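The values are calculated or read from the model by the stated rules, or taken from the named source; none is laboratory data. All figures in this text were calculated on a predicted structure; none of them were measured in a lab. Glycine gets a Cβ as well: all are built from the backbone with ideal geometry, and neighbour counts include every protein chain shown. Just the protein is used for accessible areas: all its heavy atoms, side chains included, with ligands, DNA and RNA removed. Shrake-Rupley method; radii C 1.70, N 1.55, O 1.52, S 1.80 Å.
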Amino acid sequence: EGGEEVVNEDGVDQYGLPANLRMDDYDDDGADYTLSSTSNVEVAETLAENSRADFKTDNDEMLVDDQGMAVTMADLEGEEADDNVIKPTDNILVTASTEEEYSVLEMYVYDSEAANLYVHHDITIPAFPLCLSWCGVAPHKAGSVGGSFVAVGTFDPVIEIWNLDVLDPIEPVATLGGEGASSKAVAAKLSKGKRAKRNREAHQDAVMSLAMNMHAPHILASGSADNTVKLWDVTTQAMTLTLTHHASKVQSLAWHNLEPTIIATAGFDRATCVVDVRAPGQNTIAMELTADAEDIAWDPIMGAYLYSSTDDGMVVLYDIRNTAQPVFRFRAHQGAASSVSPSTTRANMLVTSGVDKYVRVWDTRAIAEGATDTHEFTGTGLAMEKDMAAGQLFAMRLTEQSELLLGAAGSKGIPAIWDLEQEKAVLERFEAATPPAPVAVDNLNFVPAFTAPPPVPEGEEGTSSSSKKKKNKKKNKKKGKR
């Protein structure tokens, strides 16, 4: 007070500065301008301690910002630091998109309580992305046994694995099949006109589909335009099995939700197949489709039911215990039915999306049994529909964390969220279901050999929404490829 200096017993003034840093006597002759025995680190620690004493309260958590200034969580609410914190109740959505020659992975956070969707961070990638799969097991190169990773399939035959817990990664933590386009070593080679190294076991063409085994999370399946399906051990980056039962590009993969050795595959040979990877040469089921495959999904409640959607807008349901004819087949969309996703908790509830920009909720009890001869859209069994305002929809999924929350993405390059828990008609129409019993693998109708339908002529192949966006990397520059 009155301009007088106040110094406590520790030699620190009212501004929190130690005696050897006070500037009041700066111009006095004989003043000691050195820090004497006090180092810069010690001064910084002293300042931090004084700041903690000034700012710390019983209800505040102490933080230090980029300039070393003390702040509290209350000071940071609504700012960048708070946005970087992912809460247990948050839903995470990862998208891959390309605009012109720029490709990027974007990690979105959706706060269901506030109905707020925002980009947490993004990762620039050099190759055109075609598919994604989340991985919860770290490659050995990552230096940990767990975490949050995403496997990315591109026009490059190599699969890259990126660490989502790192805000600005320079390159992937691991690659499957050789050197990826994102590695520094490959960039240096390409600049000199050299080729990247490829393993003999790697895919020979674009990677079009990926699926992690939820029962054995270190196992990743990949489907390629080289007509093969490969299994990889993420922890060692080793290829463990190659499946060659398709006669054309492999568009979609889905591990069974209860049987860890059963995988479904679908391709441009107009076939959906089910394989037991313990004996792939002997245990294969083949089911015919009406057009190129777009997506497949197991019914998590009816364990033997397998849904497939196709380029002609049809959705077909097969019971893999009897594949002589489908349970039903119906037209779900005008144009390609890009995605199919049965509910994990609501029996008879099926959600589909298409390039007609709509997400539709179906009551499968109202859909007539057997194959439908006509391809006309009748809307039978349609419970709800919504234009997601995301353009032509390329991908859609119900989240596993919240039973009736779905995310979709399309040609506009932005994702869209639909919270079906807010739809009274959905809650009243579909009742919660009990988990199913495991499928008895021995009772499945496996056949010793598989004869694929005749491949589509090269001039006709690639009419699906997926093949249109995957056929030519240079020509296809629509924003929002998923």
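Does residue 372 fit the bill of being within 23 Å of the chain's Cα centre (by Cα), at pLDDT below 95 and either β-branched (Val, Ile, Thr) or not in a strand (DSSP E or B) (or both)? Explain how you work it out, then say what you get.
Values: within 23 Å of the chain's Cα centre (by Cα): no; at pLDDT below 95: yes; either β-branched (Val, Ile, Thr) or not in a strand (DSSP E or B) (or both): yes.
The answer is no for residue 372.
Of the residues in the stretch 200-219, how many are at pLDDT below 80 and open to solvent by less than 70 Å² (accessible area, probe 1.4 Å)?
So the first thing to find is which residues in the stretch 200-219 are at pLDDT below 80, and the list is 200.
Then drop every residue that is not open to solvent by less than 70 Å² (accessible area, probe 1.4 Å), which leaves none.
Matching residues across the stretch 200-219 total 0.
Collect the residues in the stretch 139-174 that are part of a loop (DSSP other than H, G, I, E, B), crowded, with 18+ Cβ neighbours inside 10 Å and either within 11 Å of the chain's Cα centre (by Cα) or modelled with pLDDT under 85 (or both), keeping them in residue-number order.
164, the sole residue that qualifies.
For the stretch 61-103, which residues satisfy the criterion of being surrounded by fewer than 18 Cβ atoms within 10 Å (Cβ to Cβ), among the polar types (S, T, N, Q) and either under 18 Å from the mean Cα position of the chain (by Cα) or at pLDDT 90 or above (or both)?
Of everything in the stretch 61-103, just one residue is surrounded by fewer than 18 Cβ atoms within 10 Å (Cβ to Cβ), among the polar types (S, T, N, Q) and either under 18 Å from the mean Cα position of the chain (by Cα) or at pLDDT 90 or above (or both), namely 89.
Tally the residues that are of a type in the set (Val, Ile, Thr) and open to solvent by less than 30 Å² (accessible area, probe 1.4 Å), restricting the search to the stretch 324-349.
Result for the stretch 324-349: 1.
For the stretch 322-341, state whether one or more residues are in contact with a helix residue (DSSP H, G or I) (Cβ under 9 Å, 6 or more places away or on another chain) and within 25 Å of residue 432 (Cβ to Cβ).
Yes, the stretch 322-341 has at least one match.
For the stretch 104-138, give me each residue that is acidic (Asp, Glu) and either in a loop (DSSP other than H, G, I, E, B) or surrounded by fewer than 17 Cβ atoms within 10 Å (Cβ to Cβ) (or both).
Residues satisfying the conditions are 111, 113, 122.
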